[in-house]
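Structure first, commentary second.
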Protein chains: 2
Amino acid sequence: MAQQLAIGVDLGGTTVKTGLIDRDGKIIAQAKLPTLAEENPKAVIGQIVKTIQEVIPHAGGKPIAGIGIGAPGLIQNPGGIVKSPPNMKNWDIVPLANEISNVFQMRVEVDNDANVAAVAEAKFGAGKDYPNFLFIIWGTGVGGGIIMNGQIYRGLTGGAGEVGHISINYDGLLCNCGTNGCVEAYVGQRYLSKRTIEKLKSNPSSKILELVGGDVEKISPMYISKAAEAGDVLANEILVEAGTLLGVMIGGVMNTLDYRVTVIGGGVSAVGDFVYKAIHQSVQKNVQKPLRDGIKIVRAQLGNDAGIFGAAGMVL
Amino acid sequence: MAQQLAIGVDLGGTTVKTGLIDRDGKIIAQAKLPTLAEENPKAVIGQIVKTIQEVIPHAGGKPIAGIGIGAPGLIQNPGGIVKSPPNMKNWDIVPLANEISNVFQMRVEVDNDANVAAVAEAKFGAGKDYPNFLFIIWGTGVGGGIIMNGQIYRGLTGGAGEVGHISINYDGLLCNCGTNGCVEAYVGQRYLSKRTIEKLKSNPSSKILELVGGDVEKISPMYISKAAEAGDVLANEILVEAGTLLGVMIGGVMNTLDYRVTVIGGGVSAVGDFVYKAIHQSVQKNVQKPLRDGIKIVRAQLGNDAGIFGAAGMVL
């Protein structure tokens, strides 16, 4: 069993990336094909199957534990059914796990991007030492996944860990989802950038403007972070506030689950350490007293290959 | 195994109540003694042991699955260690599960009041049909417990489900715990009553005052509920707002766990159905869209014996 391998499939809107990996997270073989998302589910499944067929011979006789697939859209589990993934044509409801296990006679697990990324960090990344943590994808929106006893916790219908739509202010900003005060409506990348553009009108000398060459369309949390680290007060304020608000939500989840550790991935997670410090302080303030020791806010470690690693990790 | 019995111990500050119950929740024998909380742990343990010895002979040869104990204070699990329970003298840290299992050579589980009440509802009460739900004790404060796959989910240190200190407003009322906007600081019984007294100053004709005979010290959520049901507008507003705010917190927990069902117990849970309706509407507004179907807000069913039932339920 120690030599067992697993196949991880990262199903993206443009490319299917598939890897054969071992328990230590070493990629033994990789295959890549266009997704053919503009055709239909049958075409997409065909591409997935081809990439898997390409990596299997590299196993060299070692047992393969199964196939994990990270997919966009809403995934119904148990069952591994993929519902209406964005950017995939003619795709309504597809029992993807069944389709693939019928071909390969192996255990197949399918989950959404956020859960797969959480598993990747749990098995091979920043969460390796923590059997229980909250994983957050901090990007355009705010998503996440819950690792419980080393496994993904999916909830009743696969929606667990979607923490972006937790309200941190019952009377707050109206989110697209119809709720007031969702944390995503405060700290999601789009909101952050928009709010920064607004504030720059009265702060035209901010380093943020300098860094984007005056083009406000280019503003992103990364530029704001760089400006803050170069001493820009406004930039610092914006990201410390964002971290503080994210920490309010994280604190609520820590209270609920009696957890201590949060791993943060996604595009915005590359911001400077001062933001992590702000998150940490806020979480500490927002949990019940017995939980205030041992709080950890950790940066995700896996980049582009997180999809393959996490997908494989689901069956390891 | 179908005939298996269990012993449940409800350790209160004044009385130890112990019951021998069967799988259907029928009490076969009961014993009661003063806790002797004003003496020391040895005295208290002695009383617990005596009540257990009193009920055991009534088993009539049927196997006893174990002993469950509901205790006040912070309980460390695994281990069943009871730390500094309020109102118990000279009690610092006591490995209560060990102390009792040494005497009876049985499996012993110890948990806090809120978790035990949650188990009681799960096994014998309003949660019987739901393997996964959030239990809330709505009383002076707001506490709770999480039932996951029919069992209590304790988290890393036994603190899971303590949802009263989840913030529903990052900029809100300062709670005793040091956090801004804890839901407890909005809807806990004491806060509700205090706020009502304040509002009555400009509403002297409210039915609430009539019901308490003009004595504002007597004001409680039950009187407010009665006034609302008799058509008092202010009373209705106060409790609908409280339900709505409680629903914001519940929505956040439903989002985190992908749950649908909440069972509400505690002193305030006896308020009228209109409050449950307000909670329901608020939860529905505060969860992500795929979770909006099937939301259930249910009144707890077990009263005074919940402690015994839940304690026994932990080992059944």
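Residue under question is B:Y186, and the condition is that it be crowded, with 21+ Cβ neighbours inside 10 Å, at pLDDT 95 or above, assigned to a loop (DSSP other than H, G, I, E, B) and facing chain A (nearest Cβ under 10 Å); does it hold? Considered against the rule, which asks whether it is crowded, with 21+ Cβ neighbours inside 10 Å, at pLDDT 95 or above, assigned to a loop (DSSP other than H, G, I, E, B) and facing chain A (nearest Cβ under 10 Å), B:Y186 comes out as no.
None of B:S205, B:S282, B:S269 is modelled with pLDDT under 95, within 30 Å of A:G159 (Cβ to Cβ) and either part of a loop (DSSP other than H, G, I, E, B) or polar (S, T, N, Q) (or both) except B:S269. Scanning region A:285-302 for residues that are at pLDDT below 95, out of contact with any Leu (no Cβ under 8 Å at 6 or more places or on another chain) and not in a loop (DSSP other than H, G, I, E, B) yields A:K289, A:L291.
Tell me whether region B:251-274 contains one or more residues that are of a type in the set (S, T, N, Q), within 13 Å of chain A (Cβ to nearest Cβ) and under 20 Å from the mean Cα position of the chain (by Cα). There is at least one residue in region B:251-274 that is of a type in the set (S, T, N, Q), within 13 Å of chain A (Cβ to nearest Cβ) and under 20 Å from the mean Cα position of the chain (by Cα). Of the residues making up region B:232-250, those that are more than 14 Å from chain A (Cβ to nearest Cβ) and touching a residue at least 12 places away in the same chain (Cβ under 8 Å) are B:D232, B:L234, B:A235, B:N236, B:I238, B:L239. Evaluated against (1) within 24 Å of A:S202 (Cβ to Cβ); (2) away from every other protein chain (no Cβ under 14 Å); (3) not acidic (D, E), A:A312 falls short on exactly one condition, (1).
When B:I147 is tested against (1) assigned by TED's automatic domain parsing to the domain that holds B:G66; (2) surrounded by 24 or more Cβ atoms within 10 Å (Cβ to Cβ), just one condition goes unmet, and that condition is (1).
If you filter region A:293-316 down to residues that are free of Cβ contacts under 8 Å to residues at least 60 places away in the same chain and crowded, with 16+ Cβ neighbours inside 10 Å, you find that the one that is farthest from the chain's Cα centre (by Cα) is A:I295. Considered as a group, the residues in region A:140-172 that are more than 12 Å from chain B (Cβ to nearest Cβ) and part of a strand (DSSP E or B) include one that is nearest to B:Q281 (Cα to Cα), and that residue is A:I147. Remark: pairs (first residue in region B:138-154, of a type in the set (F, W, Y); second residue buried (at least 24 other Cβ atoms within 10 Å of the Cβ) and part of a strand (DSSP E or B); Cβ separation under 6 Å; 6+ apart in sequence or on different chains) = B:W138/B:I264; B:Y153/B:I146. Examine region A:84-92 for a residue that is surrounded by 16 or more Cβ atoms within 10 Å (Cβ to Cβ) and within 17 Å of the chain's Cα centre (by Cα), and state whether such a residue exists. Checked region A:84-92: at least one residue is surrounded by 16 or more Cβ atoms within 10 Å (Cβ to Cβ) and within 17 Å of the chain's Cα centre (by Cα). Within region B:303-312, the presence of a residue that is modelled with pLDDT of 95 or more, among the hydrophobic types (A, V, I, L, M, F, W, C) and not in a helix (DSSP H, G or I) is excluded.
Give A:P41, A:P78 a once-over and let me know the one that is out of contact with any Leu (no Cβ under 7 Å at 6 or more places or on another chain) and free of Cβ contacts under 8 Å to residues at least 40 places away in the same chain.
After applying the criteria, what remains is A:P78.
Among the residues of region B:59-74, is any part of a loop (DSSP other than H, G, I, E, B), touching a residue at least 12 places away in the same chain (Cβ under 8 Å) and within 26 Å of B:Y153 (Cβ to Cβ)? Reasoning before the result, please.
Of all residues in region B:59-74, those part of a loop (DSSP other than H, G, I, E, B) come to B:60-63, B:72-73.
Narrowing the set further to residues that are touching a residue at least 12 places away in the same chain (Cβ under 8 Å) leaves B:62-63, B:72-73.
Then drop every residue that is not within 26 Å of B:Y153 (Cβ to Cβ), which leaves B:72-73.
Scanning region B:59-74 turns up at least one residue that is part of a loop (DSSP other than H, G, I, E, B), touching a residue at least 12 places away in the same chain (Cβ under 8 Å) and within 26 Å of B:Y153 (Cβ to Cβ).
Of the residues that make up region B:96-107, is at least one under 13 Å from the mean Cα position of the chain (by Cα) and either part of a helix (DSSP H, G or I) or within 11 Å of another protein chain (Cβ to nearest Cβ) (or both)? There is no residue in region B:96-107 that is under 13 Å from the mean Cα position of the chain (by Cα) and either part of a helix (DSSP H, G or I) or within 11 Å of another protein chain (Cβ to nearest Cβ) (or both). Could we say that B:P131 is closer than 23 Å to B:A306 by Cα, surrounded by fewer than 15 Cβ atoms within 10 Å (Cβ to Cβ) and under 18 Å from the mean Cα position of the chain (by Cα) here? When the stated conditions are applied, B:P131 passes them. Scanning region B:73-85 for residues that are closer than 16 Å to B:A43 by Cα and at pLDDT below 90, we see that the one that is nearest to the other protein chains (Cβ to nearest Cβ) is B:S84. Would you call B:M249 of a type in the set (A, V, I, L, M), assigned to a helix (DSSP H, G or I) and surrounded by fewer than 24 Cβ atoms within 10 Å (Cβ to Cβ)? The answer is no for B:M249. Please work out if B:N115 is among the polar types (S, T, N, Q), touching a strand residue (DSSP E or B) at 6+ places or on another chain (Cβ under 9 Å) and part of a loop (DSSP other than H, G, I, E, B). No: the conditions fail for B:N115. Taking the stated definitions as given, is A:I137 of a type in the set (A, V, I, L, M), outside any loop (DSSP other than H, G, I, E, B), modelled with pLDDT under 95 and surrounded by 24 or more Cβ atoms within 10 Å (Cβ to Cβ)? Answer is yes for this residue.
A count restricted to region A:162-177 and to residues that are at pLDDT below 95, surrounded by 15 or more Cβ atoms within 10 Å (Cβ to Cβ) and either out of contact with any helix residue (DSSP H, G or I) (no Cβ under 6 Å at 6 or more places or on another chain) or charged (D, E, K, R) (or both) stands at 1.
The values are calculated or read from the model by the stated rules, or taken from the named source; none is laboratory data. Note that the coordinates shown come from a computational prediction; the quantities given were computed from them, not determined experimentally. Cβ atoms come from the backbone with ideal geometry, glycine included; neighbour counts cover every protein chain shown.
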